Amino acid sequence: MTISEYLFRTKALRVSPHDKPFFYTSGKLGPFYINTHFLFGSEKEAYELLGMIDMLLCEDREKIPEIINQKAMEQYEKNDVYKSVMDELVKSIKKSIPSSDYGYISGGERRDWFFSYQAARILGKKHITIFKDRSVIFDKDDQIPFNTLHICDLITEASSFKNFWIPAIRAVGGELSSVISVVDRNQGGREFFEGEAIDFHPLIQIDGSFFVIAEKHGYIDKDQLDLIQDYIDDPDGSMRSFLKKNPAFIEQALKKGGRDSQKAHLLKEHDIYRLKQEDTV
């Protein structure tokens, strides 16, 4: 199977019904979302590891490198999905980035670690564990400055790189020179890396052509594809148009309760899609 197929098989990529887009954390709507860490093998196994990481972050984060590294190695040896994804990831690294171009592999809190530890092990590189407070854990050698290849699960706008990962590496005498991402959501991350002169290589880019192929293989239907293509062309405009055509959608979500109700309240309170305003010419 390809990584694209594994995204659907593990439900790492979920597409909404054409008449029920998902609520995102921001309160906005969209027709799909991605949990790349499900490629660890399954949703259950991914959340088990994430729970372990959260526990270690609270209790003893110095143990994270040893414990998560061990868990990733064990999963690689027993789970075909994770092994296939990691093998493809390492293959891409070897093809795209000479080993001499980087001295370390880094991964950021938390989901990057699902992939960065095992990649470092396979490639025989030391691992830099980066936290959101910009602190790091790694075995530092005498080489300063040094280059780092950062491995991440998902790229959107690359804000974590700007705010956390790049400053953290620079603070310890390094430079984040290359990035390998399992998935690129095609939302501006590539342009950010180009501006920073950082070499960027995604395994999968989520764009219109990706979903055209998914429809041909039966993973989504034509109505879902149409909604997705409208969204990709104009995320805010397409969802505003959807809400104007389906005026009961927000109220139904509010009555439903739970997380969707909270997000619907956020959408309505902040008038995210300017539904209270008159259309402008």
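The values are calculated or read from the model by the stated rules, or taken from the named source; none is laboratory data. Keep in mind it's a predicted model, so treat the numbers as computed, not measured. Cβ: placed from backbone, ideal geometry, glycine included. Neighbour counts: every protein chain shown.
Of note:
- One residue alone among 38, 23, 8 is farther than 20 Å from residue 109 by Cβ, of a type in the set (A, V, I, L, M, F, W, C) and buried (at least 21 other Cβ atoms within 10 Å of the Cβ), and that residue is 23.
- Residue match in region 142-156 (condition: in a helix (DSSP H, G or I), under 10 Å from residue 108 (Cβ atoms) and in the same structural domain as residue 193 (by TED's automatic domain parsing)): no
- Among the residues of region 257-274, at least one is exposed (fewer than 13 other Cβ atoms within 10 Å of the Cβ), under 28 Å from residue 8 (Cβ atoms) and outside the structural domain of residue 154 (by TED's automatic domain parsing).
- Here 177, 181 are screened, and the one residue that is in contact with a Pro (Cβ under 6 Å, 6 or more places away or on another chain), in the same structural domain as residue 92 (by TED's automatic domain parsing) and under 21 Å from residue 130 (Cβ atoms) is 181.
- Scanning region 90-134 for residues that are over 14 Å from residue 180 (Cβ atoms), polar (S, T, N, Q) and exposed (fewer than 14 other Cβ atoms within 10 Å of the Cβ) turns up just one, 100.
- Test: residue in region 47-56 that is assigned by TED's automatic domain parsing to the domain that holds residue 218 and over 17 Å from the mean Cα position of the chain (by Cα): no
- Region 11-38: number of residues that are touching a Ser or Thr at 6+ places or on another chain (Cβ under 6 Å) and more than 19 Å from residue 186 (Cα to Cα): 1
- Residues in region 161-202 that are among the polar types (S, T, N, Q) and either free of Cβ contacts under 8 Å to residues at least 12 places away in the same chain or more than 26 Å from residue 13 (Cβ to Cβ) (or both): 163, 177.
- Members of region 164-177 that are surrounded by fewer than 21 Cβ atoms within 10 Å (Cβ to Cβ) and either among the acidic types (Asp, Glu) or part of a strand (DSSP E or B) (or both): 175, 177
- At least 1 residues being over 27 Å from residue 4 (Cβ atoms) and either at pLDDT below 95 or in contact with a Ser or Thr (Cβ under 7 Å, 6 or more places away or on another chain) (or both) is the threshold, and among the helices (runs of 4 or more DSSP H) wholly inside region 62-128 those reaching it are 64-78.
- Among residues of region 178-195, those that are exposed (fewer than 15 other Cβ atoms within 10 Å of the Cβ) and either over 17 Å from the mean Cα position of the chain (by Cα) or within 15 Å of residue 105 (Cβ to Cβ) (or both), counted: 2
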